[in-house]
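The values are calculated or read from the model by the stated rules, or taken from the named source; none is laboratory data. In this text, all values refer to a predicted model and were calculated from it rather than measured experimentally. So basically every Cβ, Gly included, is an ideal-geometry build from the backbone, and we count neighbours across all protein chains shown.
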Amino acid sequence: MTDICYPHTAELLSVEQARQNIRLAVRPVDGQERVPLLGALGRVLADTVCSPIDIPPQRNAAMDGYAFASADIAKNQEFTLHVAGTSWAGKPYSGLIEKNQCVRIFTGAVVPDFADSVIAQEQVTGTGTGVRLPNDTKPYKNIRAAGSDARRGETLIASTQKLTARDLGLLAAAGIAAVKVKNRVKIGFFSTGDELTGLGQTLAPGQIYDSNRYMLAGLLDDPNHSITDLGVIKDDPDLLEQTLASAAETFDVLISSGGASVGDADFVNRTLQKCGQVNFWKLAIKPGKPLAFGRVKNCWFFGLPGNPIAVLVTYRQFVEPALRQLAGAPCATPLQLKARCETALRKSPGRQEYQRGIFRQTAPGEFTVKPAGQQDSHQLKAASLANCFIVLDSDSSGVSAGDMVTVEPFEVWNPG
Ligand code: AMP
Ligand code: MG
């Protein structure tokens, strides 16, 4: 079969090249829906949103204090203003004003038209019916202009952005109650393997619990995904073919784990060659050397390796960026930092390695990292303890204690 993305080569495909091939192949899913703001967190905006109003809508006070006209300032000396009334937040002052009068005002209250300045209450002295302002009173202070956050018609958030909590705040400030977002990506995922047993069952000899599906369910948890657990498929080519054929009608993306290499029980490869256009890449990555990527009918297919850590690594490096793209979000790759490695790390040249590490920030911008534990591709315990990958280049032949290494954080919080 010809590779739909990349010419066949005896060499291992680099991580970057594989990611690029996937990036060039996938397109965002079609369709959009309108959702209320409270259901929009994390979704990908389908249209650019402009503000229908000035934010803030009116001039208002930035402080509790007194609103006055700068024309009333007496140069280089104290002066007293009579308090004509109060402008509360939500209850503007509507009375008339004469010369040398001011208005008591609270933060967020509309500044009456006559005033161009607000002085903080701490800076004035009460005089019974008035207030005395100091000789260094500055004009034009403590007023937020209408539209000083965003003007009517101005772009608030560009399409393709994943909406954050801050975005929801901004949209609400503009009075926008619902937004158009990209449709969710429909994803089906399953495990393959005769040895896999479901949770709640007793293990028969030779069996293990299916951990990949649970990890994948967690990795796939995202507001832009609609995920369906398709269970465990036995190492039976007919069953696999039926599953693939029907799932490909329903989902935008199918993700399997296991059976993707060339062992006698690895049917994913052969079945996919019958049902779709799928490439089997040997990647220069550890763990996770075999990876299948392609299409079955209109459905993208990722055939991940079986070893749990290989699932974790290939998901993060290849599937997650592709899913972001399918969801309509801009291309992105995992964030990388430099950290000083506390211990030596063993590695043979040839493949880019993703070891599981624990990194911490020792001072702003300074990080250290150490291995999280045993680094074999079945060893989930270190992955559970880890908060990052330690990324070692293909040509690296190991690291000495004290060397700087690249880390890809899983979390943005510094462990305490
Ligand atoms: P395979 O790629 O099917 O040859 O599997 C490689 C290794 O990963 C074997 O040790 C499998 O038992 C293990 N494995 C495959 N699928 C799973 C799974 N869903 N959960 C845990 N381990 C798995
Ligand atoms: Mg297997």
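Yes/no per residue for (1) under 19 Å from the mean Cα position of the chain (by Cα); (2) under 30 Å from GLY108 (Cβ atoms); (3) of a type in the set (Gly, Ala, Ser):
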{"site": "ARG19", "(1), (2), (3)": "yes, no, no"}
{"site": "ALA25", "(1), (2), (3)": "no, no, yes"}
{"site": "GLY39", "(1), (2), (3)": "yes, yes, yes"}
{"site": "VAL44", "(1), (2), (3)": "yes, no, no"}
{"site": "SER51", "(1), (2), (3)": "no, yes, yes"}
{"site": "PRO56", "(1), (2), (3)": "no, yes, no"}
{"site": "ALA61", "(1), (2), (3)": "no, yes, yes"}
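Just checking, how many residues over the stretch 56-94 are polar (S, T, N, Q), touching a residue at least 24 places away in the same chain (Cβ under 8 Å) and closer than 15 Å to GLY130 by Cα?
Residues in the stretch 56-94 being polar (S, T, N, Q), touching a residue at least 24 places away in the same chain (Cβ under 8 Å) and closer than 15 Å to GLY130 by Cα: 1 in total.
State whether the residues of the stretch 269-283 include one that is crowded, with 20+ Cβ neighbours inside 10 Å, closer than 16 Å to LEU392 by Cα and touching a Leu at 6+ places or on another chain (Cβ under 9 Å). Yes, the stretch 269-283 has at least one match. Got at least one residue in the stretch 205-216 being among the hydrophobic types (A, V, I, L, M, F, W, C) and within 22 Å of VAL278 (Cβ to Cβ)? Yes - at least one qualifying residue is present in the stretch 205-216. Can you name every residue in the stretch 253-268 that is more than 11 Å from THR192 (Cβ to Cβ) and buried (at least 22 other Cβ atoms within 10 Å of the Cβ)? Once the filter is applied, which keeps residues that are more than 11 Å from THR192 (Cβ to Cβ) and buried (at least 22 other Cβ atoms within 10 Å of the Cβ), the stretch 253-268 yields VAL253, LEU254, ILE255.
Tallying residues that are in a loop (DSSP other than H, G, I, E, B) and among the basic types (Lys, Arg) within the stretch 131-165 yields 4.
Reported count of residues in the stretch 208-226, each being within 14 Å of ligand 1 (Cβ to nearest atom) and either among the acidic types (Asp, Glu) or more than 22 Å from ALA383 (Cα to Cα) (or both), is 1. Name the one entry in GLY193, GLY198 that is modelled with pLDDT under 95 and either under 23 Å from SER246 (Cβ atoms) or near ligand 1 (Cβ under 10 Å from one of its atoms) (or both). Only one candidate passes the filter, namely GLY198. Residue count for the stretch 270-317 satisfying the condition of being in contact with a strand residue (DSSP E or B) (Cβ under 9 Å, 6 or more places away or on another chain) and away from ligand 1 (no atom under 16 Å from the Cβ): 13. Screening the candidates ARG213, ARG166 for the property of being more than 16 Å from ligand 2 (Cβ to nearest atom) and without any contact (Cβ under 8 Å) to a residue 60 or more places away in the chain yields one hit, ARG166. Note on the stretch 240-295: residues that are more than 30 Å from the chain's Cα centre (by Cα) and of a type in the set (Asp, Glu) amount to 3.
Checked across the stretch 228-241, the condition of being at pLDDT 95 or above and more than 14 Å from ligand 1 (Cβ to nearest atom) holds for at least one residue.
Filtered by the rule that a residue be assigned to a helix (DSSP H, G or I) and either away from ligand 2 (no atom under 16 Å from the Cβ) or at pLDDT below 95 (or both), the stretch 216-227 gives ALA217, GLY218, LEU219. Taking the stretch 296-311 as the range and being under 21 Å from ASP235 (Cα atoms), over 26 Å from the mean Cα position of the chain (by Cα) and away from ligand 2 (no atom under 16 Å from the Cβ) as the test, only VAL296 passes. Restricting attention to the stretch 92-126, which residues are in contact with a strand residue (DSSP E or B) (Cβ under 9 Å, 6 or more places away or on another chain) and charged (D, E, K, R)? Hits for the stretch 92-126 are GLU98, ARG104, ASP116, GLU122.
Of the residues making up the stretch 309-338, those that are under 18 Å from ARG351 (Cβ atoms) and out of contact with any Pro (no Cβ under 9 Å at 6 or more places or on another chain) are TYR315, PHE318. The condition of being away from ligand 2 (no atom under 16 Å from the Cβ), modelled with pLDDT of 95 or more, closer than 30 Å to GLY288 by Cα and not in a loop (DSSP other than H, G, I, E, B) does not hold for LYS180.
Does LEU254 fit the bill of being under 18 Å from ASP210 (Cα atoms), in a strand (DSSP E or B) and in contact (Cβ under 8 Å) with a residue 40 or more places away in the chain?
Yes: the conditions hold for LEU254.
When ALA265, ALA247 are checked against the criterion of being assigned to a loop (DSSP other than H, G, I, E, B), aliphatic (A, V, I, L, M) and closer than 27 Å to ILE208 by Cα, ALA265 stands alone in meeting it. Restricting ILE53, ILE22 to residues that are outside any strand (DSSP E or B), under 30 Å from LYS91 (Cβ atoms) and not charged (D, E, K, R) narrows the list to ILE53.
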